[in-house]
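Data block below; observations after.
The values are calculated or read from the model by the stated rules, or taken from the named source; none is laboratory data. Note that the structure is a prediction, hence the values are computed from the model and not measured. All Cβ positions, glycine included, derive from the backbone under ideal geometry; neighbour counts span all protein chains shown.
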Amino acid sequence: MDTWTTLAVLLAGLLVGGAVGAALGWFGARSRPSAAAGLVEQAEVMQGLDRLSDQLIEIDRERASWQGEFRHHLTELQQETRGLTTALRRPQVRGRWGELHLRRAVELAGLVDRCDFTEQLRVAGGSLRPDLVVHLVGGRQVVVDAKVPLDAYLDATTTDDRARRDDALTRHARQLRQHVDALSSKAYWRALPETPEFVVLFVPAESCLAVALETDRDLIEYAAERQVVLASPTTLIALLRTVAHGWRHEALADQAREIHRLGRDLHDRLATLSGHLDGVGRSLTAAVGHYNSAIGSLESRVLVSARRFRDLAVTDADLESPRQVEAGVRSLGAPPTDDDDVLLPWTRAR
């Protein structure tokens, strides 16, 4: 019974396989292109592969060129980095580098040279020379020092050994503490009048201060106890912008005081001018009165006798009487009237 079952299964499989093969052959015959079309397609494929191969060769050539240029620039960068590292180990170069960063921070804060700050100011008879003295509102001053030891920090950045790097960072934090002690001992606030009892220690690089604080977590408190404020470029710019903001408010206050003074002067001068104009008005009023009196005297005492010449046929011309001045002088606070047209023609109604 099992043998027959197996034969039946095999026979069924053969029949299904034959049917599938016939179907595939029929579909293949219908979809197979002609021999000529196949050759054309094969030629186009070969041409496309040739073009692709040429492009790949060109890309590989350009890649090799770019890689060579990259290696060249990388070599130059490494040489310049080593040169900069060597230069920063010299105190003169390191000091100048810190001063340049300090000047850049001052410019970004918007302070004006020799007005809001002074560089390399000699104090205490020339024995002290801070890198920067910032002038505050009210005559006060803040001293900024940019001389920071970087030897240990440079050692840490130029080594790949973890132990040597940790040792260098420990020395860097210790050197920074020693510099804080040296800066605190100078006591700039005693040499400069109206100076707060602290000095700002400017660290030109954010990372330089960050790694020192990671190594020595009490460094900020240690410096603050010795009247030294640690400042990175970011914090120093914020501090200096606060100073610049104070100077702007002081300038506005000065302008307000000047406007107040000019207003008082103008008010006093207007009062004086009003007094002069009042005197002129009184003089004009008196002149008009004298003129009208003279006209009345001329009419009643002179022209009456002169007109008798016409009655005696001495002359035929008439003698006209001069007109009196009827417009009065207007006071400064009085509203304009129609009578003011004689003296104030611009007030005439249009």
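Within region 299-326, being among the small types (Gly, Ala, Ser) and either at negative phi or in contact (Cβ under 8 Å) with a residue 40 or more places away in the chain (or both) holds for Ser300, Ser305, Ala306, Ala317, Ser321.
Can you give me the number of residues within region 195-210 that are among the β-branched types (Val, Ile, Thr) and either assigned to a strand (DSSP E or B) or modelled with pLDDT of 90 or more (or both)?
In the first step, residues of region 195-210 are kept if they are among the β-branched types (Val, Ile, Thr); the result is 195, 199-200, 203.
Right, trim to either assigned to a strand (DSSP E or B) or modelled with pLDDT of 90 or more (or both) and you get 199-200.
The total comes to 2.
Do you know which of the residues in region 160-194 that are among the aliphatic types (A, V, I, L, M) and in a loop (DSSP other than H, G, I, E, B) is modelled with the lowest pLDDT?
Let us first name the residues in region 160-194 that are among the aliphatic types (A, V, I, L, M), namely 163, 168-169, 173, 176, 180, 182-183, 187, 191-192.
Restricting the remaining residues to those that are in a loop (DSSP other than H, G, I, E, B) gives 187, 192.
Values: Ala187: 86, Leu192: 81.
Looking at residues that are among the aliphatic types (A, V, I, L, M) and in a loop (DSSP other than H, G, I, E, B), I get Leu192.
No other residue among Asp167, Asp155, Asp254, Asp216 is out of contact with any helix residue (DSSP H, G or I) (no Cβ under 8 Å at 6 or more places or on another chain), farther than 21 Å from Gly110 by Cα and not polar (S, T, N, Q) apart from Asp167. What do you reckon, is Leu183 within 20 Å of Val142 (Cβ to Cβ) and either in contact with a Leu (Cβ under 7 Å, 6 or more places away or on another chain) or free of Cβ contacts under 8 Å to residues at least 60 places away in the same chain (or both)? Answer is yes for this residue.
Looking across Arg257, Arg269, one residue alone is at pLDDT 75 or above and within 30 Å of Leu136 (Cβ to Cβ). It is Arg257. The condition of being in contact (Cβ under 8 Å) with a residue 24 or more places away in the chain and in contact with a Gly (Cβ under 6 Å, 6 or more places away or on another chain) does not hold for Ala231. Of all the numbered requirements in (1) outside any helix (DSSP H, G or I); (2) more than 24 Å from Leu108 (Cβ to Cβ), Val148 misses one, and that requirement is (2). For region 140-173, filtered to residues that are over 30 Å from Glu197 (Cβ atoms) and hydroxyl-bearing (Ser, Thr, Tyr), the residue that is nearest to the chain's Cα centre (by Cα) is Thr157. Those helices (runs of 4 or more DSSP H) of region 211-328 in which at least 3 residues are out of contact with any His (no Cβ under 9 Å at 6 or more places or on another chain), among the basic types (Lys, Arg) and exposed (fewer than 12 other Cβ atoms within 10 Å of the Cβ), considering only elements entirely within it, cover 233-297.
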